[in-house]
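Novice: Provided herewith is a single structure, encoded as structure tokens, for subsequent inquiry.
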Amino acid sequence: MMQASQGTFTAGPLTIVVRHELWDGNIQDHADQGVAISVKAQVVGKDTTLLRFNCFDTEKSYIYGPENKDLVVAGPEMLGGASLTNLYRMDPIACGNPIGWTIKTLGTKLPKMLERAGYPTIAKAVDMDEIRSVLPGVEACARELYATKRNTVKHNRGTHIFEAGNIRFGLEMRRLPVGDGGLAIHVLADIGGTPGKAYTEETELLAFDHFWNGAHYHYGPRNKNHRIYWDRTVVENPLEWTLEQFESGKLRAMIERAGYPGIAADLDEGKIREILPALRKQAQAMSEEGERLTGHPGLPLEQTPNLAAE
């Protein structure tokens, strides 16, 4: 889990920690990122998280006593006595913005939530005036981290470009400084300005990194950047998996998920079908070249210059 900057706020026995987190799909549950707000205190001499609020793009939830292994609360009789969950989802319709909801809830329900989390002694020691005095700073910090610490990436567009209506595909043999790499396929489109005019912006909508070690793909690298690592037990050939998504018509839905519904609505499926055989042939040739050079599909001998960072 990638951790970015954080803010820490103290109110009596409690410390409220605000942290930006990036989750990778199949590494940390699902692909997501956002701000975690944790209420912490010393419990038997140990720094302990009492409550955690996940204010993420997808994961909008809060957890009672994430470190309290003995926390069990009886559920409704109609459920046969099954214990209540300690993780509750925020309803994005009813709750609205998760940061705003969290700050409001901390300012009104904190002692009761601490009791529910299994820390009644700490709950009684809470001074709500102290809590409310730090909450504006907590909120400002959370909103700033959510906006400014978002992880996004800008890859190179590729060395071989295939035009397909309102989108294009870029193929590139990539090698990272750590040695991992492989054939990358970038799905690109112009989303700002007009091609040929004074200003236009090419943006990467999707990225598929068929690396020999850490194969993964990105939804919206320049937007939400939700990154998913393939399960290599199930997906033995990530390049073939990617080409199958293109050939089976999944691109429209994938581009929508990446955050570009307008681009998805204007896709020309006929143009995409026209170029796919040539794209497949070039992708396989570049993958085989990597095998010949390095023993890994699509991996070049030398590190790829990071032109996107220049």
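No lab work stands behind these numbers, since they all come straight from the coordinates. From a predicted model like this one, the values you see are computed outputs, not experimental measurements. All Cβ positions, even for glycine, are placed from backbone atoms using ideal geometry, and neighbour counts span all protein chains on display.
Novice: Can you give the extra length, in nm with one decimal, that the chain gains between E201 and E240 once fully stretched, where that is 0.36 nm per residue apart less the Cα-Cα distance? Display every interim value, and only then the final one.
Specialist: Numbers: separation 39, 0.36 × 39 = 14.04 nm, distance 2.97 nm.
Length gained, E201 through E240: 11.1 nm.
Novice: Are there any GluC sites (Glu not before Pro) in segment 139-236 that are in a DSSP loop and have at most 11 other Cβ atoms within 10 Å? List them by number. Don't skip to the answer; put the middle values down first.
Specialist: Working: sites: E139, E144, E163, E172, E201, E202, E204, E236; in loops: E236.
Within segment 139-236, the qualifying GluC sites (Glu not before Pro) (loop, at most 11 other Cβ atoms within 10 Å) are E236.
Novice: Here is a follow-up. Modelled label-to-label distance, H160 and K281, 7 Å Cα→beta-carbon offset: nm?
Specialist: 1.0
Novice: Put a dot 7 Å past each Cα toward the Cβ at N213 and D231; how far apart are the dots in nm?
Specialist: 2.4
Novice: For a footprinting-style exposure proxy, rank C55, C95, C141 by other Cβ within 10 Å, fewest first. Write out the running numbers ahead of the final one.
Specialist: Working: C55 25, C95 15, C141 22.
Placing the least packed residue first, the sequence is C95, C141, C55.
Novice: Please report how far the C-alpha centroid of segment 171-220 lies from that of segment 80-158, rounded to the nearest whole angstrom.
Specialist: The two parts, judged by their Cα centres, are 35 Å apart.
Novice: Hey, with R₀ at 35 Å, roughly what FRET efficiency would R132 and I191 work out to, going by the Cβ-Cβ distance, to 0.05? Spell out each step's value before the answer.
Specialist: Values: r = 43 Å, r/R0 = 1.22.
In this case the efficiency is close to 0.25.
Novice: On to the next question. Ranking S38, S83 by Cβ neighbours within 10 Å, fewest first, what do you get? Spell out each step's value before the answer.
Specialist: Values: S38 20, S83 11.
With the sparsest Cβ surroundings first, the list reads S83, S38.
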